[in-house]
Structures are given as C-alpha cells and as structure tokens.
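The values are calculated or read from the model by the stated rules, or taken from the named source; none is laboratory data. Keep in mind that this is a model prediction, so the values were computed, not measured. All Cβ positions, even for glycine, are placed from backbone atoms using ideal geometry, and neighbour counts span all protein chains on display. Note: areas computed on protein heavy atoms with side chains; ligands, DNA, RNA excluded. Shrake-Rupley method; radii C 1.70, N 1.55, O 1.52, S 1.80 Å.
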Amino acid sequence: MISVEALKVEFGARPLFEDCSFVINKKDRIALVGKNGAGKSTLLKILSAQQQATSGTVAIQRDVTIGYLPQVMVLSDEHTVIEETEKAFDHISELQAHIENLNNELAQRTDYDSADYMSLVERFTHESERFQMTGGMNYRAEMERTLQGLGFSPSDFGRPTKEFSGGWRMRIELAKLLLRRPDVLLLDEPTNHLDIESIRWLENFLAHNSGAVVLVSHDRAFINNVTNRTLEITCGRVVDYKVKYDDFIRLRAERREQQLRAYENQQKEIADIKDFIERFRYKPTKAVQVQSRIKQLEKIVPIEVDEVDNSSLHLKFPPCSRSGDYPVICEDLRKDYGEHSVFHDVNLTIKRGEKIAFVGKNGEGKSTLVKCIMNEIPYTGTLKLGHNVEIGYYAQNQAQLLDGELTVFDTIDRVARGDIRLKIRDILGAFMFGGEASDKKVKVLSGGERSRLAMIKLLLEPVNFLILDEPTNHLDMRTKDVLKEAIQTFDGTVIVVSHDREFLDGLVTKVYEFGGGLVREHIGGIYDFLQKKEMASLDELHTKKDHLLPNKTDSTAATAEKTLSEGKLSYEERKELARQRRKAEKRVEECEKEVMRLEAEKADIEQRLSTPEGAADMKLGALYSDTERLLNVAEETWAQAVEELEKFDVTH
C-alpha cells in the first residue's frame, strides 16, 4: 500500500535518519518505536504528506486513503460534539457521486476483456466496499457508538465542543478519523487522553479494523495488544522486526549483543592493524605490508551499535520523615453533581507505605477525590490526614509553578540535595533533557517538557506521600521504567491516577475503581482488578440490590417505586411527589451545567497556560483566577441546591 525508498531527513548538518526503506502492507499493524527525538513523529508526518523528506520517495498506491492523528492539532470550537463528528462523513456524498460516475463509465464500455476495463471494475468494487464500510448514509448509529466507546455519553452529543478540554476535543478528532475508515491509520500517541475503558475499546476497534495501522505510543500494553510488527528508528536507520513489541524487546537485546561482540572484535582488529603500522612504519623491508595494512584500515566500515539511552539509571527518592500509620482516612465522603453522584458514601483507609491506583472513566471523580485530599474543593463527610503527612502532588498545572527565568539544570539543582547532585545530568538525560536541552530556559519549553521537568522536581523533594495524576503522559517507555522503579523503592505512600496498565502492573497492590457514584476497593494489582471485573460483570448485571452497583435510587421513578412498595402514599401523592422532585432536580441540573461550563473553561485556560506563550500572558493568568473564583461560587450554589433536594427526599 505504501512503499518507502531511501528516505532521508536532515535538520542542520546531521541527518535525523537516512537510507530508510520499508513497505506497509494491507494487514500490517505497526508499532513505530525509538527514543525521543529519533524522528518517529517526523516519519508519520512524511507518510501523511504533512512534511517533505530531504530525499527519497514515498510511493502510495492509487486510491489508498490515509488518516493521520497528530499529537497536537488545531481544534474547532464552532459546533456541537455530534455536528463536529458528523464532518467525518462529508466525503460520503463525494464518494457516492464518484461511484455513480464509475458505474456509468462501466455501462458505456464494451471492451470487457481488456486490462483497462478490469482495472475499472476493480476500482468500482473498491469504492463500493469503502462506501459500505462507512455505513453508506446510515452512519448515525456508528457515529454514536464510536463516541460512546471513546468516553462520551449521549448527553454530551449536543454540547458545544468549546465546553470540553483539549483532551476531550482530541477524542472527537480521533472519532472522526476512525469513522472515515481510511486504508492506513497513522496515530501519534492516541492514548494520551484516554482512560482505561476507552483504551480497551480502541484496542478492540483497531484489532478488527481491516486497514493498516502505524502508531507511536508509550503505552506498552496497548501496542502489544494492537500491533504485529515493529519498526525501530535507531542510529539514523529504520530496523524492521516482524514481531510484536515484547518479542521485539527480546530480539533487539539479542541483536545488540551480537553488535557489541562484532564491535569489540572490530576494535581489536583495528588496534592490531594500527599496532602493526606503528611498529613497522619506518622499516623498508615492511613497506609493502604497511601500505597494505593502511589500505585495509581505510576499507573497514565501522560497526554501529544500536542506541540505548540511560534508562539503567536508578533514581531514588531522598530520605523523608515518617508519617502516621494512616495518611488518609475517609468516612462517608460525598461529592455530587445533580443526579450524577461523582461519589458518595466513600469509606476508605490508606495505610502508610501503600501504593494504590485510582482508575475509572474520565469524569467519574478520580481527580475530584485527589482535590478533596488536597483540600482544594469543599465536600461533605469526613476526610482526615494522618500525623506528619507531607504531600507531593503532581498534576498537569503543576508545570505552571516553575520559574520561567531559570534553566532546566538550575531548576533541578535548586532542589537536589546530597549525592544526588552529582547525578543531575544523568537524571535530566533519563527524562529527555540531555545535552544542550539542560541549558534551555523554562519559559521556552513546551507544555510536555514543563510537565516532565515538574515531575523531576517532585521526585527530588523530601515528601512522604506522593499523589501522581497521569504522570506518564509525556514520558517514553524507558523513562517510565526509571520513574516506576523509583516509586517501587519509595518507602512512603503513593496514589497514582493513571490509565497506563503496564506502568501500574507490579507497582500497585490495591486498586480503587471510580464509577456510578461509588468508589470500590479491589485488593491486588491492576491485572487482578481487570480480570475480576470481567468475571464479575454478568453477576453484577443481575444483582440489582448490590450496593456496589451505580446508584440509581435518586431517580424519580425509583423513588416512586420505593414509596409504592412501602404502601405509604396514594397515587395522587406520588404524582405530586414526582412533580416537586422534578422541580428540585431541574434546579440542581441548571447549577450542574454552570459548574461544568466553568470547569471546561478553566481546563481550556490551563491548557493555554501550558504553552510558553500562554505562561507569559498576564491577562490569561488573571482570567484563570477570575474563572476559578466564579467556579468556587458556582460549586457553593450547586451544593446548596443539592442540599435542598436531599432535604426534600428526607421530608417526603
């Protein structure tokens, strides 16, 4: 489908990669890997015709369509979610007209045995199949299924896209791309803004997608479950492994071991030749042999060894003070938004030294509970922090607290203590700030680079309770290994909010699942949780009174059914009860919408602040403060409305 020949890309004097040749076939699902800066995103841009190579060719078969999802893109704010998604089918009318033209041409032709006629038939068949695969004109159901698979609820479909954060709008772009059903999908970090459920849905979609896939991802489990081939960019070349990622790691280690042996043998040979030349350079009787050795030396092609970054670095947290036995205790903790209970009746105890994961779909309350622990938002119920708890909190907006005038190196040098100061360069290199990058000023860093720097800063501060909110979004797999090992050896308490199963595997020993207004405790690792959830799902569907199921008793229908079973109210009384309740619910719903609007606005400003330009914009900072203040007021108003609704329930 796509043939790449002798591709070369140069930035400055040194080529990024050169002499790259490979073919993408119809059923290939390819993981494109390599260290950060190797050229993975650049290669995807070249394949999608977004960028030109210095030399070489990219040949694409006729009528092959390509869909490309970049890491960052310009997003539209002028439509609702469903209207924006529907743009994926703008091409259907064009495709239908094209099929009709091909059909008319076939009807007029009489050279049935000619190669040109058979080619025309093949094109007509291909286009007709594409039309059927996209659902023809009956695409609405497929569009809704895709949006729901990526985490949107039906109530979101009519909301303007500008109410959503950048991550959620990227999901809309991903939905549009998948719905177009291109022959080749080029995906650059598609899981960065997805939760576990959405990632598993995407895995299933790609596994059953008939087209080819080329993806860049730092989610090891995701690429293992999706891909069957691995292309590695290393030493300025592309090496093709016809295996999935885990097998590639093994084969790559074997390949590098062979390279090292060959390199050592070559170095010994070179040393012997040079030694011979030096020993007999001035002896006339050996002149011929010396000239022969010089020519032999000139003909030797140096053996290159695949690049391996310093992921072997062992990073340890500095010594910290001992906290109390129970850093966090929650009793009947509650936080609601109208009918949807973010969470309620939360009773959990976190012991010192535990490493736990918060998982669940986006919007189910993971970050909300973290904010409650940090005392950033109001809540009902009891939440106690233990004695001498020192919290280190990593969130996306933490990057904005960095001093823009300091260099990367100085930022870390100011927090490093003791022997760790001797390894600052190594630590920066492990987190992709090697070489000249360590001398950059913070104010010129991208949002992702600032996030990584904030992570390093946190790792070097003496705290005994770590809360990490999506810590792996901007880290490659080797860097994630460095971070994971550091957390494993950390003797304090850790909460990790993450969708990265591979990162959580072997790291956490307890999982708290957020969903349906409840927080469920699962003892064991992340894969124990996933296995248990799949095995228990059918039972849960039939266990209507199970307190672990999403709470539906707040609905009008359920309340009426409950009071009817108790025989306390007549039909007219129940009817009046339902009417009054709907009025109270409407008030809560209006308050909820205002809160959600302001939260979306705040998230959008946070994203803009994450860029160097935004961080330097004083007006944008003032707007963020005003929005945060309005959000606090709106949350208080909403809380009062909820209290009135709950009071109504008790009274009646």
| task | Among the residues of segment 225-244, write down those that are farther than 30 Å from Ile300 by Cβ and open to solvent by 20 Å² or more (accessible area, probe 1.4 Å). | result | Asn225, Asn228, Lys242, Val243, Lys244
| query | Any chance segment 631-644 includes a residue that's open to solvent by less than 30 Å² (accessible area, probe 1.4 Å), among the acidic types (Asp, Glu) and either modelled with pLDDT of 75 or more or outside any helix (DSSP H, G or I) (or both)? | reply | yes
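I need a count of the residues in segment 490-509 that are in a loop (DSSP other than H, G, I, E, B) and either open to solvent by less than 10 Å² (accessible area, probe 1.4 Å) or not small (Gly, Ala, Ser) (or both). Write out each step before concluding.
As a first pass, look at segment 490-509 and keep what is in a loop (DSSP other than H, G, I, E, B): 490-492, 498-500, 505-509.
Then drop every residue that is not either open to solvent by less than 10 Å² (accessible area, probe 1.4 Å) or not small (Gly, Ala, Ser) (or both), which leaves 490-492, 498-500, 505, 507-509.
Residues that pass the stated criteria total 10.
Out of the helices (runs of 4 or more DSSP H) lying entirely within segment 166-245, which hold 2 or more residues that are closer than 24 Å to Arg501 by Cβ and polar (S, T, N, Q)? Let's see the steps before the verdict.
Numbers: elements: 166-179, 196-208, 220-226.
Filter on segment 166-245 gives 196-208, 220-226.
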| field | Answer residue from segment 375-416, given it is more than 30 Å from Gly434 (Cα to Cα) and among the charged types (D, E, K, R) and is modelled with the highest pLDDT among those | value | Lys384
| What residue, among those in segment 337-353 that are of a type in the set (Gly, Ala, Ser) and modelled with pLDDT under 85, is surrounded by the fewest Cβ atoms within 10 Å (Cβ to Cβ)? | Ser341
| remark: Pairs returned, first residue in segment 95-112 that is free of Cβ contacts under 8 Å to residues at least 24 places away in the same chain and of a type in the set (D, E, K, R), second residue that is surrounded by 10 or more Cβ atoms within 10 Å (Cβ to Cβ) and part of a helix (DSSP H, G or I), beta-carbon separation under 9 angstrom, 6 or more apart or interchain, are Glu105/Leu120; Glu105/Phe124; Arg109/Tyr117; Arg109/Leu120; Asp111/Tyr117
| request: State all residues of segment 30-45 that are surrounded by 21 or more Cβ atoms within 10 Å (Cβ to Cβ) and outside any loop (DSSP other than H, G, I, E, B); if no residue qualifies, say none. | output: Ile30, Ala31, Leu32, Val33, Lys40, Leu43, Leu44
| message | Being under 30 Å from Arg501 (Cα atoms) and touching a Ser or Thr at 6+ places or on another chain (Cβ under 9 Å) narrows it down to one residue among Ile377, Ile427, Ile373; which is it? | response | Ile377
| task | Determine, yes or no, whether Ser114 is closer than 30 Å to Leu16 by Cβ and surrounded by 11 or more Cβ atoms within 10 Å (Cβ to Cβ). | result | no
| query | What's the number of the condition Ser451 fails, among (1) outside any loop (DSSP other than H, G, I, E, B); (2) in contact with a Leu (Cβ under 7 Å, 6 or more places away or on another chain)? | reply | (2)
| Residue list for segment 315-334, filter: part of a strand (DSSP E or B) and either more than 14 Å from Ile391 (Cα to Cα) or over 31 Å from the mean Cα position of the chain (by Cα) (or both) | Ile329, Cys330, Glu331, Asp332, Leu333, Arg334
| Can you find even one residue in segment 268-282 that is closer than 30 Å to Asp28 by Cα and surrounded by 14 or more Cβ atoms within 10 Å (Cβ to Cβ)? | no
| said: Among the residues in segment 470-484, are any more than 25 Å from Thr509 (Cα to Cα) and touching a helix residue (DSSP H, G or I) at 6+ places or on another chain (Cβ under 9 Å)? | reply: no
| field | Extreme residue, farthest from Thr191 (Cα to Cα), among residues of segment 354-369 that are among the small types (Gly, Ala, Ser) and open to solvent by 30 Å² or more (accessible area, probe 1.4 Å) | value | Ser367
| query | In segment 81-142, which helices (runs of 4 or more DSSP H) lie fully inside it and hold 2 or more residues that are modelled with pLDDT under 80? | reply | 90-108, 115-133
| query | Got a number for residues in segment 433-470 being of a type in the set (Lys, Arg), crowded, with 20+ Cβ neighbours inside 10 Å and at pLDDT 80 or above? | reply | 1
| remark: Here the qualifying pairs (Cβ atoms under 6 Å; residues six or more apart or on different chains; first in segment 189-218 and farther than 16 Å from Glu173 by Cα; second open to solvent by less than 10 Å² (accessible area, probe 1.4 Å) and modelled with pLDDT under 80) come out as His218/Asp476
| request: Considering (1) more than 24 Å from the chain's Cα centre (by Cα); (2) in a helix (DSSP H, G or I); (3) buried (at least 16 other Cβ atoms within 10 Å of the Cβ), say which one Ala416 fails and leave the rest. | output: (2)
